[in-house]
1. Can you tell me how many residues within region A:42-72 are more than 10 Å from chain B (Cβ to nearest Cβ) and either surrounded by 17 or more Cβ atoms within 10 Å (Cβ to Cβ) or touching a residue at least 60 places away in the same chain (Cβ under 8 Å) (or both)?
2. For residues that are outside any loop (DSSP other than H, G, I, E, B) and within 7 Å of chain A (Cβ to nearest Cβ), scanning just region B:9-18, find the one that is nearest to residue A:166 (Cα to Cα).
3. Can residue A:151 be described as surrounded by fewer than 24 Cβ atoms within 10 Å (Cβ to Cβ), modelled with pLDDT of 95 or more and within 13 Å of chain B (Cβ to nearest Cβ)?
4. Tell me which residues, restricted to region A:100-137, are out of contact with any strand residue (DSSP E or B) (no Cβ under 7 Å at 6 or more places or on another chain) and assigned to a loop (DSSP other than H, G, I, E, B).
5. Failed condition for residue A:140, given (1) in contact with a helix residue (DSSP H, G or I) (Cβ under 7 Å, 6 or more places away or on another chain); (2) closer than 14 Å to residue A:18 by Cβ; (3) more than 9 Å from every other protein chain (Cβ to nearest Cβ), with all others met?
6. Determine which member of the set A:126, A:114 is facing chain B (nearest Cβ under 10 Å) and crowded, with 17+ Cβ neighbours inside 10 Å.
């Protein structure tokens, strides 16, 4: 009998794209046994050119897709999407563009689902999630944890975030420099 | 050639360095609590069923971890049975 519970998290699209952009996907299994995602994200990964990489992770059992949302959960996710779209920080005011993260938040809110944290970078969606007492971590936070556990070094964190930025992900030079200099000091 | 991926929602604001360090610290604490829970779970799993699954269900209902629930129960038992005896 296996007495160990898997280390489960839910992810929004952004952090997994960042992990792929920076070639850091190997870090995630150090912290998680399974990452669950809503089916709505699959279309986004395909749009980002990550369809095959995500398909490989699904085949390996590391990613698990959910499309088993009840009508009540779908309604609640729609309401969350509206809330994100109308958030003061959001630039994209179209609720349907925020459905994937809304379903990810819904997964976290399931009382019978034992995910420990939600991987998410976007400020508005993070705010909406934390208002619902959902625990969150962004991709840079995962890299910081990996650095503190000596899985990677500060230079690897710098290179990973810089590569994400080079490929268009919205990590600012200030964010990257502050994280790097702090990790170098400690 | 290195594979490139299109960025996700590049127009949206993302977290700051302060947020990121806070994320890392809180995540570390969550996983430490998870590990603590797991150790207790491995201990309690030896309880004949359905004792453990009842505890687990109760903890979920109260949005607590099993270890917090067990801590509360033990604290309550000490308050009721041990402390009055000491006072007497």
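1. Adding up the residues that qualify gives 6.
2. B:14
3. Yes: the conditions hold for residue A:151.
4. A:110, A:111, A:112, A:113, A:132, A:133, listed by residue number.
5. Of (1) in contact with a helix residue (DSSP H, G or I) (Cβ under 7 Å, 6 or more places away or on another chain); (2) closer than 14 Å to residue A:18 by Cβ; (3) more than 9 Å from every other protein chain (Cβ to nearest Cβ), only one is false for residue A:140: (3).
6. After ruling out the rest, the residue left standing is A:126.
A quick yes/no check of all residues on (1) surrounded by fewer than 16 Cβ atoms within 10 Å (Cβ to Cβ); (2) within 11 Å of another protein chain (Cβ to nearest Cβ); (3) part of a loop (DSSP other than H, G, I, E, B):
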residue	(1), (2), (3)
B:7	no, yes, yes
B:23	no, yes, no
B:42	yes, yes, no
B:48	yes, no, yes
B:57	yes, yes, no
B:67	no, no, no
B:72	yes, no, no
B:81	yes, no, no
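The values are calculated or read from the model by the stated rules, or taken from the named source; none is laboratory data. If you're wondering where the values come from, they're calculated on a predicted model, not measured in any experiment. Every residue, glycine as well, gets a Cβ built from its backbone with ideal geometry; the counts of neighbours run over all protein chains shown.
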